[in-house]
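A short reminder: the numbers here are calculations on the coordinates, not readings from a lab. All figures in this text were calculated on a predicted structure; none of them were measured in a lab. For neighbour counting, all protein chains shown are included, and Cβ atoms are generated from backbone atoms with ideal geometry for every residue, glycine included.
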Amino acid sequence: MTTALLFDLDGTLIDSDSLHAQVFAELFEPRGVKIDFAYYRDKLHGRLNFDIFSDLCPGEDARSWSDHKEAEYRKLLGTGHPNMPGTLELLDLADEMGWAKGVVTNAPRDNGEAVLAALGIADRFDTLVIGDECSRGKPDPEPYLEGLRRLNADAAVSLAFEDSPTGIRSAVGAGLKTIGIRTMLSDAALREAGASASVEDYADPALKHHIDQLKGLAA
């Protein structure tokens, strides 16, 4: 069994929530439904698209809505996007330590691949786990359990990074110590969801304590 770093995607490896909120707002404005950033943060953030559109469009094809929404998101994303501060340095450290690296997301596969390509880090990860391709998506632990299985990793000597309560519950449920990323939520909100701690991003000096602790456990 090995040590692994497991990352959520949106809001964790890429600061993309404003793009997602914009797409939702544009999709539902013609229906007279106002979706502002606060609504996105409180009602939609971190959830599976199928569940979102089943709620917002009852009786309609939730899968078709989801596909359309994500296609619009990929148009806004474009071909290049900045990494979260400190990401490349953390991935370099993982390589030096021989730690496995995976992405675990509720985003559809097309998005996962497009985002990692836009960030220029698609080749830095050993696996990409998609919630929709598991028996259950986040907040169920299954996606993180699948990530650990694929990486032959031990949750007790691994670490997860998440930005939403849904994702935190999934990772913690899989036995992973989870660090919250304060892209959208406060330290208090992330800890309330189950995060052991929170950081601004991967360049936050507060992360060093948790990485040093992981090095000790993995030794």
**Prompt:** Dipole of the range 158-219, Cα-centred, from +1 at each Lys and Arg C-beta and -1 at each Asp and Glu C-beta, to the nearest 20 debye?
**Reply:** 220 debye
**Message:** If you split all Cα-Cα distances of the chain into 10 Å bins from zero, what percentages do you get per bin, shortest first?
**Reply:** 8, 36, 38, 15, 3, 0
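What is the sum of charges around residue 94, taking Lys and Arg as +1, Asp and Glu as -1, for the other residues whose C-beta is under 13 Å from the C-beta of residue 94?
Values: positive: 101, 124, 215; negative: 89, 92, 95, 96, 126.
Around residue 94, the charge tally is -2.
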**Message:** Of 104, 135, 62, which is farthest towards the positive pole of the range 13-153's charge dipole, taken about the Cα centre with +1 and -1 on the beta-carbons of Lys, Arg and Asp, Glu respectively?
**Reply:** 62
**Asked** Once label points are set 7 Å from the Cα along Cα→Cβ at both residue 25 and residue 219, what is their separation, rounded to one decimal in nm?
**Response** 5.0 nm
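Add +1 for every Lys or Arg and -1 for every Asp or Glu among the other residues with Cβ under 13 Å from the Cβ of residue 42, and state the total.
Details: positive: 41, 43, 47; negative: 17, 36.
After counting each charged neighbour, the total is +1.
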**Prompt:** Which value, in debye to the nearest 20, describes the size of the charge dipole of the range 33-98 about its Cα centre when Lys and Arg Cβ atoms bear +1, Asp and Glu Cβ atoms bear -1, and nothing else is charged?
**Reply:** 360 debye
**Sequence-distant lysines (8 or more away, or on other chains) whose Cα lies within less than 23 Å of residue 101** = 138, 177, 208, 215
